[in-house]
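Written below as structure tokens is the structure these notes are about.
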Amino acid sequence: MNVIETRGLTKEYRGHTGVADLSVEIRAGEIYGLLGPNGAGKTTTIRLLVGLLRPSGGEARVAGHDVSAEPVAVRSVVGLLPESAGFYGWMTPVEYLCFFADLHAMPRGEAGPRIEGLLERVGLGDRRSSPISTLSRGMRARLGIARAIVHRPRVLFFDEPTLGLDPVGQRDLLRLIQTMNEDEGATIVLSSHALDQVGEVCARVGIMTDGRLVGQGTAVELRRQLRLAPTLDVRVAQTDLACRVAVELGLYARVTVAPPETVVLTPRDHELHPEILVRALVGAGAEVREVVVREPSLEDVFFAVTQPVRSAA
Amino acid sequence: MIARVIGLRVLRELAFTPKALLWLPISSVALSVLVYLFLTSAELSILDQKTMMFMTAQAVVLLGLLAVTVTAADAVAGERERGTLEPLLAAPVVSSQLLGGYLTGALAMWAATAIISLPYFMVVSSGSGGFFVSAAYFLGAGSLLAVGMAAWTIGVSARVPTVRTSLLLALIVYAGLTAPALLGSSLRTNWVGRAYDAVNPFANVMNTLDSVIIDEQGFAVQRMRLKTLTVFAGTGLLFGWWRLTGVALE
């Protein structure tokens, strides 16, 4: 069952298109990654789906509600963690969550235990009475997640949630998002330009650039659609020699060096021919240390999808 | 219910921030100095008691309106600048609830200034027998002015990108309303001055207080001015509601 459905969703500003003709379907309970460079239209898409912006064209339904006709109903069933969200620094985490629970008209008897439980789950149980202004950036990010889910939304939108966090904070936050998805059963739309993070947690991704959705599916599906071949990464002491040998073999479309001592080979016909290569390298006197077959990453998919569009633009 | 939740949050924010807490002692000191001068200065103490009452009421309205203007200018623009607006708008909140919440905060500043001023006004009007009527008029007319000013300013604050712009625009309007009315009756000798005097809500409050306190005129004389103030407050509420409707992130 689809929780989010858009058809030809468009948002135009004066002389500028924020989102163009977006058609997407997101299933209940999945974590969907929205990828794209800065200015691709990810934040605009999220704001349209939350009912914070009015579409210029097309239609979108979130949890069965039309975002244009019923924006308040949409906002009652979604949770949003905006990019660089601010906090009321003078409040404590408990007061902050109570405020948002009240805005969603949650009964006090239900909100109290829910807030206590959430603060424990996001690791802020011992800081429940500290002013938010004294919390670290990572703690505030976790409080933001607790705020977004306090009213048990059916759909959650996280817009660049790991922005500005250190690597440990980023890892913890992504784990928390996965846990929330499993425990709460909410559908999650995660916008980011950190490709490795999205690849780690999202079942499917949509890639946007210049306001358009230019690719959609699982990483495997996208690789198949784009006919991206695996590469051969050869760790060798003499990279110049290895490059010369690989070019002379004529089996590889692209030969590049990844310093300090790896040569990356992209095959012409999906066949990597590692035995032929190693034999040729050893015959030429190269000291081969390691040969690895590497499947295309989400990053390779992202660049393959976005770069032609950017070049055309 | 939701307007009350937002209103309580705004009130608590005012109570926790120095800018709002400082306003109360500042108002108190300004009124203390004014009343002290009325009672002790050789030149000012020869003023008629009714004139002193009128000038005290005028000072209270000026101070209260300034507090309302500054608080309302910060309402939406301040939330936007501090990044707290988007999470708030992502909740199922409609524009009338937002307006109600922000109005609560702005009008609390007027109420606090008015309450602080009452003892001073009582001292100045002591023995005149006109305290209750005068206080009722300055609180009533002043409140209509405060509602209108707050609502118009919140409406402006909803569509400007920064607090600085919002505050600048609001203070220009504040000066435009108060300065001509304070410059004296000489400006009202031509039709332009008289027309501006008739539509200017601040001038309407001043003329009402002048009429009630100094000329001791009754309600029938004040009816037209109070109607003008009600229209100012009503159009302000409509403007604020319209500006807050649905498109605060556009």
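The values are calculated or read from the model by the stated rules, or taken from the named source; none is laboratory data. Since the model is a prediction, treat every value here as computed from it, not as a measurement. Note that each Cβ is placed from the backbone with ideal geometry, even for glycine, and that neighbours are counted across all protein chains shown. Please note that ligands, DNA and RNA were not included when accessible areas were found on the heavy atoms of the full protein model with its side chains. Shrake-Rupley method; radii C 1.70, N 1.55, O 1.52, S 1.80 Å.
What are the residues in segment A:263-310 that are on the phi > 0 side of the Ramachandran plot and either crowded, with 16+ Cβ neighbours inside 10 Å or in contact with a Ser or Thr (Cβ under 7 Å, 6 or more places away or on another chain) (or both), if any?
Pass one, segment A:263-310, residues on the phi > 0 side of the Ramachandran plot: A:270, A:273, A:285.
Once the filter is applied, which keeps residues that are on the phi > 0 side of the Ramachandran plot and either crowded, with 16+ Cβ neighbours inside 10 Å or in contact with a Ser or Thr (Cβ under 7 Å, 6 or more places away or on another chain) (or both), segment A:263-310 yields only A:273.
Name the helices (runs of 4 or more DSSP H) wholly inside segment B:161-229 in which the number of residues that are at pLDDT 85 or above, closer than 25 Å to residue B:48 by Cβ and among the hydrophobic types (A, V, I, L, M, F, W, C) is 3 or more. Before the answer, list the steps.
Working: elements: B:163-182, B:191-199, B:201-209.
Of the helices (runs of 4 or more DSSP H) lying wholly inside segment B:161-229, those with at least 3 residues that are at pLDDT 85 or above, closer than 25 Å to residue B:48 by Cβ and among the hydrophobic types (A, V, I, L, M, F, W, C) span B:201-209.
For segment B:229-243, which residues satisfy the criterion of being open to solvent by 60 Å² or more (accessible area, probe 1.4 Å) and more than 16 Å from the chain's Cα centre (by Cα)? Matches in segment B:229-243: B:238, B:241, B:242. Scanning segment A:30-48 for residues that are away from chain B (no Cβ under 11 Å) and either within 20 Å of residue A:14 (Cα to Cα) or at pLDDT 90 or above (or both) turns up A:30, A:31, A:32, A:33, A:34, A:38, A:39, A:40, A:41, A:42, A:45. Residue A:186 meets all of the listed conditions (1) within 16 Å of residue A:29 (Cα to Cα); (2) within 14 Å of another protein chain (Cβ to nearest Cβ); (3) not β-branched (Val, Ile, Thr) but one, namely (2).
When residues in segment A:93-123 are screened for being open to solvent by less than 40 Å² (accessible area, probe 1.4 Å), under 21 Å from residue B:90 (Cβ atoms) and not aromatic (Phe, Trp, Tyr), 15 of them pass.
For the criterion of being more than 25 Å from residue B:5 (Cα to Cα), in a helix (DSSP H, G or I), in contact with a Leu (Cβ under 6 Å, 6 or more places away or on another chain) and away from every other protein chain (no Cβ under 12 Å), residue A:138 passes. For first residues located in segment B:1-25 and under 17 Å from residue B:103 (Cβ atoms) and within 11 Å of chain A (Cβ to nearest Cβ), partners that are buried (at least 19 other Cβ atoms within 10 Å of the Cβ) and among the aromatic types (Phe, Trp, Tyr) and lie 6+ apart or on another chain with Cβ distances below 8 Å form the pairs B:5/A:99; B:6/B:102; B:9/A:88; B:9/A:99; B:10/B:102; B:13/A:88. Scan segment A:100-126 residue by residue and report those that are in contact with a Lys or Arg (Cβ under 6 Å, 6 or more places away or on another chain) and part of a helix (DSSP H, G or I). Scanning segment A:100-126 gives A:100, A:119. Those residues that are without any contact (Cβ under 8 Å) to a residue 40 or more places away in the chain, within 30 Å of residue A:194 (Cβ to Cβ) and either among the hydrophobic types (A, V, I, L, M, F, W, C) or touching a Lys or Arg at 6+ places or on another chain (Cβ under 8 Å) (or both), I need them from segment A:247-298; list them, please. Those that are without any contact (Cβ under 8 Å) to a residue 40 or more places away in the chain, within 30 Å of residue A:194 (Cβ to Cβ) and either among the hydrophobic types (A, V, I, L, M, F, W, C) or touching a Lys or Arg at 6+ places or on another chain (Cβ under 8 Å) (or both): A:253, A:255, A:257, A:258, A:261, A:262, A:263, A:264, A:265, A:266. Those strands (runs of 3 or more DSSP E) of segment A:1-47 in which 1 or more residues are without any contact (Cβ under 8 Å) to a residue 40 or more places away in the chain occupy A:2-13, A:16-27. If the condition is being more than 10 Å from chain B (Cβ to nearest Cβ) and either of a type in the set (A, V, I, L, M, F, W, C) or part of a helix (DSSP H, G or I) (or both), then segment A:53-95 contributes A:60, A:62, A:63, A:67, A:69, A:93, A:94.
Any idea how many residues of segment B:136-160 are over 12 Å from the mean Cα position of the chain (by Cα) and open to solvent by 10 Å² or more (accessible area, probe 1.4 Å)?
Quick first cut of segment B:136-160, residues over 12 Å from the mean Cα position of the chain (by Cα) only: B:136-137, B:154-160.
Narrowing the set further to residues that are open to solvent by 10 Å² or more (accessible area, probe 1.4 Å) leaves B:136-137, B:156, B:159-160.
The number of residues fulfilling the criteria is 5.
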